[in-house]
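Written below as structure tokens is the structure these notes are about.
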Amino acid sequence: MKAYKNAEGLKLQEHLTQSSLTAFSETLMALHDKGWHKILKHGDLGRWQGGFDALPDIIPSIVDFNASAIKIGSATDTTLSHAEIETALKQMHPWRKGPFEIFGVHIDTEWHSDWKWDRLKDHISPLAGRTILDVGCGSGYHLWRMLADDAKLIIGIDPTPLFSMHFATIKRYVTNAPAFILPVGIEDMPEKMQCFDTVFSMGILYHRKSPIDHLIELKELLNDGGELVLDTLVIEGDESQCLMPHGRYAKMRNVWFIPSVAMLKLWLKRAGYKTVQVIDISPTTVKEQRPTEWMTFESLPHFLDPVDASLTIEGYPAPIRAVVTAKK
């Protein structure tokens, strides 16, 4: 993975110096190196790299980032069997965000991330020509969907090492794509960058101890007139209502605040955003998030009350998600 990391770093530096991020190029390159230093020391790296190295080192006949399942190549591109490719990819278990199709093998990820994209894609500012940041980007699935919309440069940040391996599995076949992951958290990013046209924060807000500070952090990453695309858990109620779990929520330890939609809009306005718009409110179902052969651990069906699916296992309202846009 050192060779991939070094090649990816050179490409990242090239794109940074030709973008609105040029003033932060040195700092962002240091973050790239910091994150990869952690990945290269991870105890599971040998297993992950074994799968990565077993995949065919070829130019794929097709690359489709506009499909629900991100598609790389076809089964006829390689002499490797379906079973051999599947075995290689499963060495990077668990696959949480997707789906993907790699040389004919369909990766049925825990989350149908394509459903979330379908809910928001027609309601956000066009991404063509924009410089974008995706906070908590996971495997980078949404980065590829953004690239299909002709974004100029896309940076994802996520400190989870395995997610960078999933991203690398796709990026190795599209080395020149202007999409990159920095394996770090938002707290590592330079303050008040004010240079992204669009910032995505999807599934992060409820993990922050201070949600207002998070919204302000995101605003200070945006340029003037830039757009925030926010996806978060919500509850029913008016602007005075917010759920703070006593302990876990749907078996998640680090859930702090789940606001009503009205309170969320108020938070955004108090944080200084304009033109706040709710573009979707949807319950999360066991069809959208569930265990599969690519993610065999517990998932949403295990997090809900077995008798009353309108409640979590702890007795709180079951997950509902809202997608909101707001302008700086």
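Total residues in the range 109-139 satisfying the condition of being over 18 Å from Met165 (Cβ atoms) and either charged (D, E, K, R) or assigned to a loop (DSSP other than H, G, I, E, B) (or both): the figure is 14.
Sort through Trp115, Trp111 and tell me the only one that's within 30 Å of Ser299 (Cβ to Cβ), crowded, with 21+ Cβ neighbours inside 10 Å, out of contact with any Cys (no Cβ under 8 Å at 6 or more places or on another chain) and of a type in the set (A, V, I, L, M, F, W, C).
Working: Trp115 fails: crowded, with 21+ Cβ neighbours inside 10 Å.
Just a single option satisfies the conditions, and that option is Trp111.
Conditions tested, residue by residue: (1) surrounded by 22 or more Cβ atoms within 10 Å (Cβ to Cβ); (2) assigned to a loop (DSSP other than H, G, I, E, B).
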residue: Ala177; (1), (2): no, yes
residue: Ile181; (1), (2): yes, no
residue: Glu187; (1), (2): no, no
residue: Pro190; (1), (2): no, yes
residue: Met193; (1), (2): no, yes
residue: Thr232; (1), (2): yes, no
residue: Pro245; (1), (2): no, yes
residue: Met263; (1), (2): no, no
residue: Leu266; (1), (2): no, no
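Whether any residue in the range 121-129 is within 11 Å of the chain's Cα centre (by Cα) and surrounded by 20 or more Cβ atoms within 10 Å (Cβ to Cβ) is what I want to check. No, the conditions are met nowhere in the range 121-129.
So is Leu133 aliphatic (A, V, I, L, M), farther than 30 Å from Asp53 by Cα and in contact (Cβ under 8 Å) with a residue 12 or more places away in the chain or not? Write out each step before concluding.
Numbers: aliphatic (A, V, I, L, M): yes; farther than 30 Å from Asp53 by Cα: no; in contact (Cβ under 8 Å) with a residue 12 or more places away in the chain: yes.
For Leu133, the condition - aliphatic (A, V, I, L, M), farther than 30 Å from Asp53 by Cα and in contact (Cβ under 8 Å) with a residue 12 or more places away in the chain - is not met.
When the range 150-166 is filtered for residues that are crowded, with 20+ Cβ neighbours inside 10 Å and either among the β-branched types (Val, Ile, Thr) or within 11 Å of Asp134 (Cβ to Cβ) (or both), the ones remaining, listed by number, are Ala151, Ile154, Ile155, Gly156, Ile157, Asp158.
Residues in the range 148-178 that are in contact with a strand residue (DSSP E or B) (Cβ under 7 Å, 6 or more places away or on another chain), of a type in the set (A, V, I, L, M) and within 24 Å of Thr232 (Cβ to Cβ): Ala151, Ile154, Ile155, Ile157. Of the listed requirements (1) among the basic types (Lys, Arg); (2) within 17 Å of Lys171 (Cα to Cα); (3) surrounded by fewer than 23 Cβ atoms within 10 Å (Cβ to Cβ), Lys97 misses just one: (3). Yes or no: the range 126-144 includes at least one residue that is in contact with an Asp or Glu (Cβ under 6 Å, 6 or more places away or on another chain), farther than 13 Å from Lys97 by Cβ and at pLDDT below 95. Scanning the range 126-144 turns up no residue that is in contact with an Asp or Glu (Cβ under 6 Å, 6 or more places away or on another chain), farther than 13 Å from Lys97 by Cβ and at pLDDT below 95.
Of all residues in the range 165-184, exactly one satisfies the criterion of being within 16 Å of Trp95 (Cα to Cα) and under 11 Å from the mean Cα position of the chain (by Cα), namely Phe167.
Of the residues Arg270, Arg290, Arg253, only one is surrounded by fewer than 20 Cβ atoms within 10 Å (Cβ to Cβ), touching a residue at least 40 places away in the same chain (Cβ under 8 Å) and closer than 25 Å to Glu187 by Cα; which?
On the way: Arg290 fails: closer than 25 Å to Glu187 by Cα; Arg253 fails: touching a residue at least 40 places away in the same chain (Cβ under 8 Å).
One residue alone meets the criteria, Arg270.
Whether a residue is in contact with a Ser or Thr (Cβ under 9 Å, 6 or more places away or on another chain) and either at pLDDT below 95 or surrounded by fewer than 22 Cβ atoms within 10 Å (Cβ to Cβ) (or both) was assessed, and Gly203 passes this test.
The values are calculated or read from the model by the stated rules, or taken from the named source; none is laboratory data. Worth saying up front: this structure is predicted, and the values here are computed from it rather than measured. Note: ideal-geometry Cβ built from the backbone for every residue, glycine included; neighbour counts use all protein chains shown.
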